[in-house]
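Below you'll find the structure, written out as structure tokens, and then a few comments.
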Amino acid sequence: MSAGSALPGYAELHCLSNFSFLRGASHPEELIARAVELGYAALALTDECSVAGLVRAQVAARGRPLQLIAGAELRLSDGLRLVLLARNRRGYGQLCQLITRGRRAAPKGAYRLPRTALETDLDDCLALWLPPADPAPADARWFRRYFPGRAWLAVELLAGPDDRARLQQLQALAAAAGLPLVAAGDVHMHRRGRRALQDALTAIRLKTTVAAAGRALFPNGERHLRSRARLADLYPPALLSETLRIARQIDFSLDELRYEYPDELVPVGESAGSWLRKLTEAGAARRWPGGMPAKVRRLVEHELALIGELRYEPYFLTVHDIVSFARRRGILCQGRGSAANSAVCYCLGITEVDPARMSMLVERFISRERNEPPDIDVDFEHERREEVIQYLYRKYGRERAALTATVIRYCPRSAIRDLGKALGLEALQLGRMARAMQWWDGREIDPARLREAGLDPTAPVLHRLLVLANELIGFPRHLSQHVGGFVISRGPLSAMVPVENAAMPGRSVIQWDKDDLDELGLLKVDVLALGMLTAIRRCLELVNGWRGSTLTVADIPPEDPAVYDMLCRADSIGVFQVESRAQMAMLPRLRPRCYYDLVIEVAIIRPGPIQGDMVHPYLRRRNGEEPVSYPSEAVKAVLERTLGVPIFQEQVMSLAIVAAGFSPGEADQLRRAMAAWRRRGDLGPFEQRLRNGLRERGYCPAFADQICQQIRGFGEYGFPESHAASFALLVYVSAWLKCHEPAAFFCALLNSQPMGFYAPAQLLRNAREHGVRILPVDVQHSENDCSLQGAGGGEPSLRLGLRMVRGLSTAGAERIRAAAAEAAFTDLQDLADRARLDRRDLAALAGAGALAALAGHRHLARWQVAGLEAGRSLLHGCRIAEGRPLLRAPRAGEAMLADYRHLGFSLQGHPLGLLRDSLAQRACLSAREVLALPDGSAVRAAGLVITRQRPGSAAGVVFVTLEDETGYLNLIVWERLANRQRRELLNARLLAVQGRLQRQGEVVHIVARRLQDLSGLLGRLPGQSRDFR
């Protein structure tokens, strides 16, 4: 077109984002921004059989001069391809239900749609046929028949050698079939520059290399959002103007979606409001038999009025029903998060935080201004949560209940692996590169990581890999299921969002994640799994079974001084929430003496208080090293319980109310701005509003600066007080059980693995330190789980279970127990015959030392296993006497090596006990010797690496825990040393450290100055640390 001509209007009606997994090469937000930049009138996001990226596009398009159209690209089972566009709300529901039908008919990640699926119930959808190179007239006739007045033939001209001929072909087909033509772009990327990445994605999808993909790759980079001038050169004006005519027919936005809560929980004759009040009053009578305290009554009435005004009663009834089911089944559960701010939730039994003991701020949980449903998180025993999930599916059906999705995105390691394969790199190279990446390296791959792996990042293929990987990081890879977020609706869920099969049988997920639901204000109930609840339930069962008691969580005596003494010694391995390095270092400094101290302990070791510089002021004030002062009585009322330092989110919100004049709803909006601060880098209009309000009320600028700094700290994640209070209950319960019932406690922890910071080796060591006698795995006496054994009336011993034996099949363990229950085994042949064990199971038992009672030491056991004969039905019961081979018992080192290989731990000692002389020659002190040194001493020590932790709030510091035969050592590795000796830090199993001792009261660290990998001394000893963020 000539330079002086006006650019034509255009609406792109066929556009894929990267939510068409491994096809689209641009984020929805990038597509929206580019379409606005190009002056498009509208953009249809038409991901393949999916609306997973639609909410992100909706958010990006808000306030911009661009119409967003909801649609989807579909490939039918017979190969016919088309695009469907939702004309209105009803059409959107039809589209979602069609996608659901296709997804539910196929395994996870696929879909299956016959042509008959499109022949009904799509009268409010517009359709574009995407004809193949040689379109069939019969397909055109079918298309026109089933989409009368709503069908177009899409013309996609992509600068191929035959565009003119293709246009003429489609014009003739359209004329013959009576179909109008419309321009479309088959868009896969927002800019042409993403073509190389799109090629790589295609190769990944097809499980081949870019070099071998051939014609599966697009021949050019035309499938991007093209300028309107370019489109005017390619298409007849009528085809471009037809895109606008179609866009004008569409009148739908995701903002129209309205959630309807389930209503079958309300009995006949009751309203949702009246029934919620009755349940609340009944629960209050159970909680306070003598009458509800006046303070709580005011809270309850305020909440019920707010809940009724916002019509959230069915939501509370739904959660109450779920919790009631769990309680009927004896499943431990507890609500947490902001829901613990709710007195109504406490009355309903959803949470266990007594509002009479806490300072509640219900607006942290529910507010008028937020105009979105509250978020109630409920933890259930992790081994029994599936019972709760299946209850929801049975009650509401797979049509009305589904899990929320989680978007699995490319991280550096996965991007390197997938792209490397696509570029033809060897698996060995890719493994070395991937292992060089750590989560803290961020979203961009540093070429230095490749050099560490012995590779040259400037080599052409590796340079290309780095460029593509840095583009791919953050791309969605596939949808997975959320850890427990459930969406439940009154009508079919698929009329609002498509539902598809999860990988796990019996589960289905929607195509939106938690953030999408939050953006649209849709209900989600979090049915979460918590391993500690399982461990507590198991522990109580063990205690009651051993002692003949009926102990429950409610019976555990409160405020036991012995429990707090134990915690003040940082003796918290296995205790919920306070067993991390940082928490164990804080316990002797904070010295908790009551439940509320535990609430603070849980909350203070979080990025929010740390980044907001609240930890040290609080400790100084608690220890009397700094005066406690308040700028006003109003501020004192908010901060007095935390000595003038805001530690909880609710306190920040309350400060905004009492000191800056915010309404409760505005204070909740401030909380949400805190959460967004990390992404945006500022608090938006709230910071100035806060400063103005503080100034108007006479507060000095320094106080305003302090408050704003603390608020920014909470942007790095801070706990609400209600959440910390819920967790503190479990801290106390688990600590009490460890203190008073250590055998049952550690037994329950072992049976609930994997969970927590520590491996079984560390748990068993701590159990012994608490006086628990550990009995080895023994086929004659061990259950499948670890168990309590011993003489009645005394303290129990902990018998290790068959589950601890690596390589022993679950079925084999079950047959051993069933056979042992009938009669004790007489010898190894009897065990093999009656338990029907194969050589693999027998070898695992022999290696673990579990056959000692039948065969003697490991060498003898292995000898006998090798000589067993299977299938001796004719000679069953006959024993032929054989001579005992003169095999020596394994040496200590051999036995320990076998223990670690087959169990992951040893009851016969610690490996470093055998290496002590060698370590002493290297001037390495034991942990006991180090801990006896004064502050500031130069030290050299070594130990097995059992944990590495690099919190995001620690400014690049890595915390390492070493273990030897005498105890534990905690290392501080500053960022510079961590970068310089990254290989030793990350790969060593036996790590030597040279540094300086730092002692603060009972808390002792080694500040590392040099690291050395001594793993070679361990030989074949297996071992792996537990690494955490």
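The values are calculated or read from the model by the stated rules, or taken from the named source; none is laboratory data. As the structure is a computational prediction, the values presented were derived from the model and not from experiment. Glycine also receives a Cβ, built like all others from the backbone with ideal geometry; neighbour counts cover every protein chain displayed.
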Give just the number: which of (1) crowded, with 17+ Cβ neighbours inside 10 Å; (2) out of contact with any Phe, Trp or Tyr (no Cβ under 6 Å at 6 or more places or on another chain); (3) aliphatic (A, V, I, L, M) does ALA70 not satisfy?
(2)
Only residues that are over 25 Å from the mean Cα position of the chain (by Cα) and surrounded by 17 or more Cβ atoms within 10 Å (Cβ to Cβ): list them for segment 569-587, please.
ALA570, ASP571, ALA585, MET586, LEU587
Go through segment 154-236 and tell me which helices (runs of 4 or more DSSP H), entirely inside it, have 2 or more residues that are touching a strand residue (DSSP E or B) at 6+ places or on another chain (Cβ under 6 Å).
163-177
Checking the conditions here, which among VAL296, VAL323, VAL300 is within 22 Å of ASP379 (Cα to Cα), assigned to a helix (DSSP H, G or I) and aliphatic (A, V, I, L, M)?
VAL323
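Please work out if GLU242 is crowded, with 16+ Cβ neighbours inside 10 Å and assigned by TED's automatic domain parsing to the domain that holds ALA42. Walk me through how you get there before you give the answer.
Numbers: crowded, with 16+ Cβ neighbours inside 10 Å: yes; assigned by TED's automatic domain parsing to the domain that holds ALA42: yes.
Yes: the conditions hold for GLU242.
Can we say GLU281 is buried (at least 22 other Cβ atoms within 10 Å of the Cβ) and of a type in the set (Asp, Glu)? Show your work before the answer.
Numbers: buried (at least 22 other Cβ atoms within 10 Å of the Cβ): no; of a type in the set (Asp, Glu): yes.
For GLU281, the condition - buried (at least 22 other Cβ atoms within 10 Å of the Cβ) and of a type in the set (Asp, Glu) - is not met.
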Per the filter on segment 818-831, residues under 26 Å from SER906 (Cβ atoms) and either of a type in the set (Lys, Arg) or not in a loop (DSSP other than H, G, I, E, B) (or both) are ALA820, LEU828, LEU831
Do we have ALA748 as among the aliphatic types (A, V, I, L, M), assigned by TED's automatic domain parsing to the domain that holds LEU542 and either within 18 Å of GLY904 (Cα to Cα) or surrounded by 19 or more Cβ atoms within 10 Å (Cβ to Cβ) (or both) here?
yes
Here the residues within segment 546-578 that are among the hydrophobic types (A, V, I, L, M, F, W, C), part of a loop (DSSP other than H, G, I, E, B) and out of contact with any Pro (no Cβ under 7 Å at 6 or more places or on another chain) are LEU551, ILE556, ILE573, VAL575, PHE576, VAL578
For segment 918-948, which residues satisfy the criterion of being within 19 Å of ASP1013 (Cβ to Cβ) and in a strand (DSSP E or B)?
LEU925, VAL939, ARG940, ALA941, ALA942, GLY943, LEU944, VAL945, ILE946, THR947, ARG948
Looking at segment 808-816, is at least one residue in contact with a Gly (Cβ under 9 Å, 6 or more places away or on another chain) and either under 17 Å from ASN751 (Cα atoms) or modelled with pLDDT of 90 or more (or both)?
yes
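Under 30 Å from VAL563 (Cβ atoms), out of contact with any His (no Cβ under 9 Å at 6 or more places or on another chain), modelled with pLDDT of 75 or more and not polar (S, T, N, Q): which single residue out of LEU749, LEU655, LEU670 fits that description?
On the way: LEU655 fails: under 30 Å from VAL563 (Cβ atoms); LEU670 fails: under 30 Å from VAL563 (Cβ atoms).
Criteria check complete, one pass: LEU749.
Yes/no matrix, rows are residues, columns are (1) under 34 Å from the mean Cα position of the chain (by Cα); (2) at positive phi:
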| site | (1), (2) |
| --- | --- |
| GLY624 | no, yes |
| LYS636 | no, no |
| ARG641 | yes, no |
| ILE647 | yes, no |
| SER654 | yes, no |
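With in contact with a Phe, Trp or Tyr (Cβ under 7 Å, 6 or more places away or on another chain) and without any contact (Cβ under 8 Å) to a residue 60 or more places away in the chain as the only criterion, which of LEU775, LEU730, LEU798, LEU750 stands out? Quick ask: steps written out before the conclusion?
Values: LEU775 fails: in contact with a Phe, Trp or Tyr (Cβ under 7 Å, 6 or more places away or on another chain); LEU730 fails: without any contact (Cβ under 8 Å) to a residue 60 or more places away in the chain; LEU750 fails: in contact with a Phe, Trp or Tyr (Cβ under 7 Å, 6 or more places away or on another chain).
Just one listed residue meets the conditions, LEU798.
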Test: residue in segment 250-262 that is surrounded by fewer than 14 Cβ atoms within 10 Å (Cβ to Cβ), in contact (Cβ under 8 Å) with a residue 24 or more places away in the chain and not in a loop (DSSP other than H, G, I, E, B):
yes
Of (1) on the phi > 0 side of the Ramachandran plot; (2) modelled with pLDDT of 95 or more; (3) not acidic (Asp, Glu), GLY790 fails just (2)
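Grab the helices (runs of 4 or more DSSP H) fully contained in segment 703-817, keeping just those with 2 or more residues being in contact with a strand residue (DSSP E or B) (Cβ under 8 Å, 6 or more places away or on another chain) and more than 19 Å from GLU381 (Cα to Cα).
Details: elements: 721-740, 742-751, 760-769.
Per the criteria, 760-769.
Here is a yes/no grid of residues against (1) of a type in the set (A, V, I, L, M, F, W, C); (2) modelled with pLDDT under 90; (3) surrounded by 15 or more Cβ atoms within 10 Å (Cβ to Cβ); (4) assigned to a strand (DSSP E or B):
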| position | (1), (2), (3), (4) |
| --- | --- |
| ASN979 | no, yes, no, no |
| LEU991 | yes, no, yes, yes |
| GLN994 | no, no, yes, yes |
| LEU997 | yes, no, yes, yes |
| VAL1007 | yes, no, yes, yes |
| GLN1012 | no, no, yes, yes |
| PRO1022 | no, yes, no, no |
| ASP1027 | no, yes, yes, yes |
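Table: residues versus (1) assigned to a loop (DSSP other than H, G, I, E, B); (2) surrounded by 24 or more Cβ atoms within 10 Å (Cβ to Cβ); (3) aromatic (Phe, Trp, Tyr); (4) out of contact with any Lys or Arg (no Cβ under 9 Å at 6 or more places or on another chain).
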residue: ARG23; (1), (2), (3), (4): yes, no, no, no
residue: SER26; (1), (2), (3), (4): yes, yes, no, no
residue: LEU31; (1), (2), (3), (4): no, yes, no, yes
residue: VAL51; (1), (2), (3), (4): yes, yes, no, yes
By my count, helices (runs of 4 or more DSSP H) wholly in segment 404-498 with at least 1 residues that are of a type outside the set (A, V, I, L, M, F, W, C) and at pLDDT 90 or above are 412-422, 460-472
Which numbered condition trips up PRO951, out of (1) crowded, with 18+ Cβ neighbours inside 10 Å; (2) modelled with pLDDT of 90 or more?
(2)
Pairs with Cβ under 7 Å, 6+ apart, first in segment 840-852 and surrounded by fewer than 24 Cβ atoms within 10 Å (Cβ to Cβ), second acidic (Asp, Glu) and at pLDDT 90 or above
ALA852/ASP778
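Could you please find all residues in segment 40-74 being among the polar types (S, T, N, Q) and in contact (Cβ under 8 Å) with a residue 40 or more places away in the chain?
Start the filter on segment 40-74 by keeping residues that are among the polar types (S, T, N, Q), which leaves 46, 50, 58, 67.
Answer for segment 40-74, where residues must be among the polar types (S, T, N, Q) and in contact (Cβ under 8 Å) with a residue 40 or more places away in the chain: SER50, GLN58, GLN67.
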